[in-house]
Amino acid sequence: QVQLVESGGGLVQAGGSLRLSCAASGSIFSINVMGWYRQAPGKQRELVATITSGGSTNYGDSVKGRFTISRDNAKNTVYLQMNSLKPEDTAVYYCVVVVAGTNVYWGQGTQVTVSS
């Protein structure tokens, strides 16, 4: 089993910044991809950003240029730096990791609220 502990969510004004963290622990032998998805009320879960073990990144179109994903492989931790936040970024943000190429694990989610 893999446990994911997310932190860093909260309330921020539009234009502000937040940094999310997600630490993985447990039966970790090879984490391939780490990343973040988000889900706003009434909407489908959508990609925010992912990063491979080699450092290749992928971003959702709505966050490109504003959000930066990074990871610390030694700590099995992924970070999401969110700048220039907008009210439409309000959502529950979920950490996701892929282990051994096929096993997908989700965090419990952390709320991000951006006020206008």
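Just a few scattered comments:
- Between the stretch 1-25 and the stretch 60-116, the Cα center-to-center distance that results, in Å: 7 Å
- Charge context of Val12, other residues only, Cβ under 14 angstrom, K/R +1, D/E -1: +1
- Where the chain is the region considered: accessible area per residue in Å², 1.4 Å probe: 51 Å²
- Local electrostatic count at Ala23 - Lys and Arg +1, Asp and Glu -1, tallied over other residues with Cβ under 14 Å: +1
- Summary value for the stretch 26-77: 28 percent relative contact order, contacts being C-alpha pairs under 8 angstrom separated by 6+ residues.
The values are calculated or read from the model by the stated rules, or taken from the named source; none is laboratory data. Given the structure is predicted, the values throughout are model-derived calculations rather than measurements. Here the Cβ is made from the backbone with ideal geometry for all residues, glycine too, and neighbour counts use every protein chain on show. Note: accessible area is taken over every heavy atom of the protein model, side chains too, but ligands, DNA and RNA are not part of it. Shrake-Rupley method; radii C 1.70, N 1.55, O 1.52, S 1.80 Å.
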